[in-house]
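A short write-up of the structure that comes next.
The values are calculated or read from the model by the stated rules, or taken from the named source; none is laboratory data. Treat the numbers as computed from the prediction; the structure is a model and nothing was measured. Every residue, glycine among them, receives a Cβ derived from its backbone with ideal geometry; neighbour counts consider all protein chains shown.
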Amino acid sequence: MEQNIKNIGIINAGAWGTAIAKVLGASGHNVEIWEYMEDVVAEINTEHSNSRYLLGVNLSENVTATGNLTKAATGKDFIIIATPSLYILDIVKKLVPVQDIMEGKPVIGILTKGFIKGPAGPVLITRALEDYLPGFYKDGLVYISGPSHAEEVARGKLTGLISASKNGLNSIRFRELLSGSNLMVYSSLDTIGVQTCGAVKNVIAIAYGMLDALSEITDSFGDNTESLLLAAGLNEIQQIGKALGSEYPETFTSIAGVGDLDVTCRSKYGRNRKFGREIVNNRKIAGFKDAEDLIANIDRIGYLPEGAIAASYVKQLMEQYKLKLPVSEVVYKILNKEDKPLKAIHALVQKLNIPQS
């Protein structure tokens, strides 16, 4: 069995990166996590835990951490990037000069959800990273997504993931690496569709959170309304995916689409759902001037709701491709201080038009 042990570098020790490290370490692989926060590095190495991001989870001794990015990316069979979308390009630019990366040695997988600003508008993460990484990685990056809260993955809850790559062999390599007693991993060639689902579902989850909070203070909304919103949200995800070039409609009814959307909206662990609820209950965005100010000062939230960043990009895509995306548009307008939650959500659910066959 020794020949099956892999050396894996994970970039950033957030909740999701740490959860994957936990799974891979438990499978016997050697895992080294890069993290810039010295206290997190020290705790992983001495206490075998990461209480800042994943409280109550113990890591095996073959999971270590380092503050040296080059070290974390050297001598690895696989590198998994778990950096938030706002910072991922900066980190990848620092990875490019690493000798092993320059030679295309490790297979690279990406956990990050969202869009990245491109010269002609928002672009999906794999496309943006391919513009910087050596040519070895063209069409070879693997995008890993699915209904998978880190808190449950780290605690062994049965979870399904999608391993998507235009390079089918790389997709299978990550599928085999990650598959285990609690992870069921499926291969896909639809990097566009899977990434679109992963990014846009966070925007829909903010709307869902607001609706969920409003249902507690008004008799107008309930479970039926929330299901209506979910259906409308899935339709918007499909529209964007098709506009960006996805040719696999089944992606959107798979765990990458409806599965991830459902868990992100309904789970107690969902940060974007939480953010939506706190916009209503705690006036969470009261201290921000507009959506741009919110993104620039996102650290003030206290956690990272990726949907707040993605909402701005979805608004740009809506205009670029002339799409009708009422749920996403309302989320952006609320974040941009153009609308109030109760009035905007009430008007939204009354005018939703979900195409039927």
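Being over 26 Å from LYS242 (Cα atoms), at pLDDT below 95 and not β-branched (Val, Ile, Thr) holds for only one residue in LEU342, LEU348, and it is LEU342. Among the residues making up segment 7-28, those that are within 22 Å of VAL98 (Cα to Cα) and in contact with a strand residue (DSSP E or B) (Cβ under 6 Å, 6 or more places away or on another chain) are ASN7, ILE8, GLY9, ILE10, ILE11, ALA13, GLY17, ALA21. Of the residues contained in segment 82-90, one or more are found to be closer than 22 Å to LYS157 by Cβ and part of a loop (DSSP other than H, G, I, E, B). When segment 12-41 is filtered for residues that are hydroxyl-bearing (Ser, Thr, Tyr) and assigned to a helix (DSSP H, G or I), only THR18 remains.
Within the option set LYS113, LYS138, LYS157, being surrounded by 24 or more Cβ atoms within 10 Å (Cβ to Cβ) and either closer than 21 Å to ALA13 by Cβ or not small (Gly, Ala, Ser) (or both) holds for one residue only, LYS113.
For the criterion of being within 30 Å of GLY160 (Cβ to Cβ), without any contact (Cβ under 8 Å) to a residue 40 or more places away in the chain and aliphatic (A, V, I, L, M), VAL258 passes.
The set of residues in segment 47-81 being buried (at least 17 other Cβ atoms within 10 Å of the Cβ), aliphatic (A, V, I, L, M) and assigned to a strand (DSSP E or B) consists of LEU54, VAL57, VAL63, ALA65, ILE79, ILE80, ILE81. Within segment 125-142, residues that are under 16 Å from PHE174 (Cβ atoms) sit with their Cβ atoms under 7 Å from residues that are surrounded by fewer than 23 Cβ atoms within 10 Å (Cβ to Cβ) and among the hydroxyl-bearing types (Ser, Thr, Tyr), at 6+ positions apart or across chains, in these pairs: ILE125/SER85. All of ILE8, ILE44 fail the test of being in the same structural domain as SER145 (by TED's automatic domain parsing), part of a strand (DSSP E or B) and more than 19 Å from THR159 (Cα to Cα), apart from ILE8. When the residues of segment 66-85 are filtered to those that are aliphatic (A, V, I, L, M) and in contact with an Asp or Glu (Cβ under 9 Å, 6 or more places away or on another chain), the one that is nearest to GLY198 (Cα to Cα) is ILE79. In segment 220-236, the residues that are assigned by TED's automatic domain parsing to the domain that holds LEU325 form Cβ pairs under 6 Å with partners that are buried (at least 22 other Cβ atoms within 10 Å of the Cβ) and in a loop (DSSP other than H, G, I, E, B), at six or more places apart or across chains, as follows: GLU236/LEU325. Answer yes if at least one residue in segment 330-345 is small (Gly, Ala, Ser), in contact (Cβ under 8 Å) with a residue 24 or more places away in the chain and surrounded by 13 or more Cβ atoms within 10 Å (Cβ to Cβ), and no otherwise. So far as segment 330-345 goes, no, none of its residues is small (Gly, Ala, Ser), in contact (Cβ under 8 Å) with a residue 24 or more places away in the chain and surrounded by 13 or more Cβ atoms within 10 Å (Cβ to Cβ). I need the full set of residues from segment 194-222 which are more than 24 Å from LEU304 (Cβ to Cβ) and of a type in the set (Gly, Ala, Ser), in order please. Within segment 194-222, SER215, SER220, GLY222 meet the criteria. Counting only strands (runs of 3 or more DSSP E) that fall entirely inside segment 109-194 and contain at least 2 residues that are under 21 Å from TYR53 (Cβ atoms), the qualifying elements are 142-145, 159-164. Considering segment 167-185, the residues that are without any contact (Cβ under 8 Å) to a residue 60 or more places away in the chain and buried (at least 17 other Cβ atoms within 10 Å of the Cβ) include one that is nearest to ASN202 (Cα to Cα), namely VAL185.
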